[in-house]
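Asks: The structure is given below, and queries will be raised subsequently.
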Amino acid sequence: MGLLNISNGNGGGSTGRFARGVLLYTIGVIVFGAFVRATNSGDGCGAHWPLCNGEVIPVNAPTARLIEFTHRVTSGISGILIFALLATVFRRFTAGSPARKAAVAAMFFTIVEALLGAVLVKQQWVAQDASVGRAVAMSVHLVNTFFLLGSLVATAFYASGGAKTRWREQGAFGWALAAGLVGLTILGISGAVTALGDTLYPAKSLAEGIQQDLNPTAHFLIRLRMLHPLLAASVGLYMLLLSGLATKLRASEQVKKIANWLTAIVLVQIGVGILNIILMAPVWMQLVHLALADINWGLLVLLTLSATAEGVSRYEAEAFGEAAPESPSALAPTRKELAKAYVALTKPRVISLLLFTTLAAMFIAGGGWPGFWLFLSVAVGGYLAAGSANAINMVIDRDIDGFMKRTASRPTVTQVIPSNKALGFGLITGAASFAILWAGANLLTAVLAMAGLAFYVLVYTLALKRRTWQNIVIGGAAGAFPPLVGWAAVAGDLNLFAWLLFALIFVWTPVHFWALALLMKDDYAAAGVPMLPVVRGDRVTVIQIFFYAVLTAAVSLLPYLQAHVGMFYLVTAVVLNLLLMAACHRLYKKPERKEALVVFKYSMVYLALLFLVLAIDRAVLL
C-alpha cells in the first residue's frame, strides 16, 4: 500500500495511514466473507439478522454458526472503522474536499453492504440455495463491494495528498480507464457466480468439470462457469493494454509504478486462475483468487485517480508532445480527406495479407464455405482488430515516425488527426471488433483477436521495438494470431493444425520484415530503431533471413506430414519453397536493394498462395 503514500503538506499523513489500514482490514473481511460462502456456513445463524439464531452471542454453537457469527462481528468492526475514518476526514479536511466525498461514499456503501447481507440471510439465499435470486443478489453484492473498496482507495489517495482529478482533460485515455473499471466489474460478477457454481456443484476431476460445463441441460450456474475464464482472458488483456498505455501517455513516476504493479498482479491473477481450474477450486485457492481480484480492482482505481490527477493529467497537446496549431484556419481537412486519414490509421495495405490468412483459415478449419454471416463477421471484426492495433501503434510511435520517409505522412505525424482522437479511434475500433467477433462467431474468437492486438501494442511496440533487434522475431507473433482467429470462429477451439498455421506465420515474419528493414535501413537508423540491419549489418541480416526461410519451408511441410492435407498442397508448397530459397540465396550472394525488394514482395505472394492452396486442398480436394 506504499503506492498510496503520497507526501502532502496539509496534515493528512496520519489520516492517510489510517485510511490505508481500514482498506486492508476491509479486504480481509471481504475475503473472509468468501470463506463463509465456500464452506456453506452462510446459514449458520439461520434466517436471523442481526441476531444469530435468536442470540446476541451464540453459546455452544456449531462450527458453521461460529464462522457466520465471526463474519458478522468482523464486518461490524469494519463499519465502525469506516465511520471513524469518516469522522477523521471531516475533522482534517475542509468542505468540498475530495477526501470528504470519498469517505462519505465509503460510509454509504458500507451501509448498503450490511443491508445486502441482511437480504441474503432473510431470503435464505445462502448455503445450498441455487436460485436465480441468489445469483443476482451476489452480483449486486459484488458490485457494491467494488464500489466500497474504490471509495476507500480514493479516501486513502486523497487523504495521502493526491490531487483532484481532471476528467475533462483526459480525452480518449479517460474513457479507456472508465471502460477498464466497467470491464473489471463485469468480470468480478462472473467470478462471483462462477465461485458459487464451484461451491454448489463441485466436480471430482477436471474432466468431469468440463463435461458438466458442456452439458446443455446442466444448471445455469454450471454452464456459466465456462464464460468466466474467457472473460478473464479478455479483461486481463485489456488491463495489460491500459497499463502499457499509462506508462507511455503519463510522465508521472507514480503512475508508472502503479501501472507496473497492476501488470504484475494481473499476470499473477491469470496464473492463479489457471491453477484454480486445474486444482478444482479448493477453498484456499478461491480465497487467494478473490484477494487478488480485490487488489486488481484497487490498483485500477488508484491508476485511474493518479493518471487523471491535476498536475499529472495533461492537455492533449502536452500529453502527446504536440504543438498547438498556430491558427484554426484554413488548413482544416475536408470530410473526404479526414475519412481517408482515418482509413490510413488502420494501415489497410498491411492488413490485407493478415485478413487473407484469417479468412483462409476459416476454409481450412471447416473444410468448406463457413457461411455468409460468419464470414462477414470475421472479415469485419478481424479488420477492425488489426486496424485498432495499427492506430494505437501510430499514436505510440508518433515521435519516431516523423524521422522516416515511409511513415512521415501518417495522420498522427501530420496532425490531420490529433493523437488523442487517433487513440480514441483505435480503442473504439478495438471494442467494436470484440463485440462483432463475439456476437458473430464466439467469445474465443474475440479473445484471440484481442490477444493479437495486445501483443502487437505491448510486446512489439512498447516493450521490444526500441530496445532490441529481436523485436520482430518475438513481436512478430502478433501477426500470427489471425489464422487462430479464423480457425476458432469456425471450429470453436484450437487444435494442433491451428497452431501449425500460427507457427508458419511466426517463422515467416522475419524473412518478410527483415527484407523490408534492408530497404528502410537508413530510416530506422535516423529514428533510432535497432532493427537488425542497423545494429548488425546487412551480412548478418541476410544470413538470418535465409535461416528463417529454411525454418519456414520446414514448418510449411508439417501439415502434410500430419496428414492434414494431400499431395496437391505438398507439390505446391515444395515449388513455393524452392522459389523462396532461390530468392533468399540470391540476396545472400548479392545483398543489395534490388534483391531485398524481390524477397520482400515474393514473401507476401508466398504466404498468400500457401494459405490459398491449404484452403483449396482442405475445402475442395479432401
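Asks: Helix 98-122: angle to the longest alpha-carbon principal axis of the chain, degrees 0 to 90, nearest 10?
Replies: Around 70 degrees separate the two axes.
Asks: What are the lysines whose alpha-carbon lies under 21 Å from the alpha-carbon of Lys340, with same-chain residues fewer than 8 places away excluded?
Replies: Hits, sequence-local ones excluded: Lys405, Lys421.
Asks: Oh, and also: Over region 399-464, what is the mean sequence separation of C-alpha contacts under 8 Å (at least six apart), divided by residue count, expressed as relative contact order in percent? Numbers along the way, then the final one.
Replies: Details: 28 pairs, mean separation 9.6, N = 66.
Here the relative contact order equals 15 percent.
Asks: Separate question: Within 11 Å, Cβ to Cβ, of Arg100, how many net charges do the neighbouring residues add up to if Lys/Arg are +1 and Asp/Glu are -1?
Replies: Values: positive: Arg91, Arg92, Lys101; negative: none.
So the environment of Arg100 carries a net charge of +3.
Asks: Roughly to the nearest percent, how much of the accessible area of region 420-550 is carbon and sulfur, given a 1.4 Å probe?
Replies: Working: 2890 of 4330 Å².
In region 420-550, the share of accessible area belonging to carbon and sulfur is 67 percent.
Asks: Next up: State the Cα centre-to-centre distance between region 502-526 and region 62-117 in whole Å.
Replies: Cα centroid of region 502-526 versus Cα centroid of region 62-117: 58 Å apart.
Asks: Here's something else I'd like to know. Given contacts defined as C-alpha pairs under 8 Å and at least six residues apart, what's the relative contact order of the chain, whole-number percent? Intermediate values should be presented prior to the final figure.
Replies: Numbers: 908 pairs, mean separation 72.4, N = 622.
About 12 percent, as a whole number.
Asks: Whole Å is fine, so just give me how far the alpha carbon centre of region 145-200 lies from that of region 480-501.
Replies: 34 Å
Asks: Rounded, prolate or oblate: which fits region 103-227 when a ≥ b ≥ c are the square roots of the eigenvalues of the alpha-carbon gyration tensor, with rounded for a/c under 1.5 and prolate only if a/b beats b/c? Mind dumping the intermediate values first?
Replies: Details: a/c = 3.21, a/b = 1.71, b/c = 1.87.
It comes out oblate by the Cα gyration axes.
Asks: Based on the mean of other beta carbon atoms within 10 Å per residue, what is the order of 274-280, 140-146, most packed first? Working shown, then result.
Replies: Numbers: 274-280: 14.1, 140-146: 20.0.
Result, highest mean first: 140-146, 274-280.
Asks: Work out the length of the dipole vector of the chain about its Cα centre, built from +1 on the beta-carbon of each Lys and Arg and -1 on the beta-carbon of each Asp and Glu, and round it to the nearest 20 debye. The partial results should precede the final answer.
Replies: Working: 45 positive and 27 negative charges, 252 e Å.
Dipole of the chain, to the nearest 20 debye: 1220 debye.
Asks: Counting only GluC sites (Glu not before Pro) that sit in a DSSP loop (anything but H, G, I, E, B) with at most 14 other Cβ atoms within 10 Å, what is the longest stretch of the chain containing none of them?
Replies: Details: sites that count: Glu326, Glu592.
The segment 1-325 is the longest one with no such site.
Asks: Cysteines of the chain lacking any other cysteine beta carbon under 4.7 Å?
Replies: For the chain, the answer is Cys584, because their Cβ atoms have no other cysteine Cβ under 4.7 Å.
Asks: Let me ask you something else. Counting only heavy atoms of protein chains, what accessible area per residue, in Å², does region 395-452 have with a probe of 1.4 Å? Working shown, then result.
Replies: Numbers: 2120 Å² over 58 residues.
The answer is 37 Å² per residue.
Asks: Taking only protein heavy atoms and a 1.4 Å probe, what accessible area per residue, in Å², does region 232-302 have with all protein chains in place?
Replies: Roughly 38 Å² per residue, with all protein chains present.
Asks: Give the long-range amide H neighbours of Thr165: residues separated by 5 or more places, or on another chain, with amide H under 5 Å away, using H modelled in the peptide plane at 1.01 Å from N.
Replies: For Thr165, the qualifying residues are Glu310.
Asks: What number comes out for the charge environment of Pro62, summing +1 per Lys or Arg and -1 per Asp or Glu over other residues with Cβ under 12 Å away?
Replies: Values: positive: Arg65; negative: Asp43, Glu68.
So the surrounding residues net to -1.
Asks: If you don't mind, another one. Could you work out [θ]222 nm for the chain from helices alone, using -39500 (n - 2.57) per DSSP H run of at least four and dividing by all its residues? Round to the nearest 500 deg cm²/dmol. Walk me through the numbers before you get to the answer.
Replies: Working: 26 runs with 449 residues, N = 622.
Calculated at 222 nm, the ellipticity per residue is -24500 deg cm²/dmol.
Asks: Taking Cα atoms, how many degrees apart are the long axis of helix 496-519 and the longest axis of the chain, rounded to 10 and kept between 0 and 90?
Replies: 60 degrees
Asks: Oh, and also: So, counting K/R as plus one and D/E as minus one, what does the shell of residues with Cβ under 12 Å around Ile400 add up to? Write out the running numbers ahead of the final one.
Replies: Working: positive: Arg398, Arg406, Arg410, Lys465, Arg466; negative: Asp397, Asp399, Asp401, Asp523.
Taking every other residue near Ile400 into account, the sum is +1.
Asks: Which entries of Lys347/Lys521; Lys101/Lys164; Lys248/Lys601; Lys122/Lys204 have Cα-Cα distances beyond 23 Å here?
Replies: Details: Lys347/Lys521 21 Å; Lys101/Lys164 11 Å; Lys248/Lys601 34 Å; Lys122/Lys204 32 Å.
In this structure, Lys248/Lys601; Lys122/Lys204 exceed 23 Å between Cα atoms.
The values are calculated or read from the model by the stated rules, or taken from the named source; none is laboratory data. Please read all numbers here as calculations on a predicted model, not as lab measurements. Note that we place each Cβ from the backbone using ideal geometry, even for glycine, and neighbour counts take in every protein chain shown. Note: accessible area is taken over every heavy atom of the protein model, side chains too, but ligands, DNA and RNA are not part of it. Shrake-Rupley method; radii C 1.70, N 1.55, O 1.52, S 1.80 Å.
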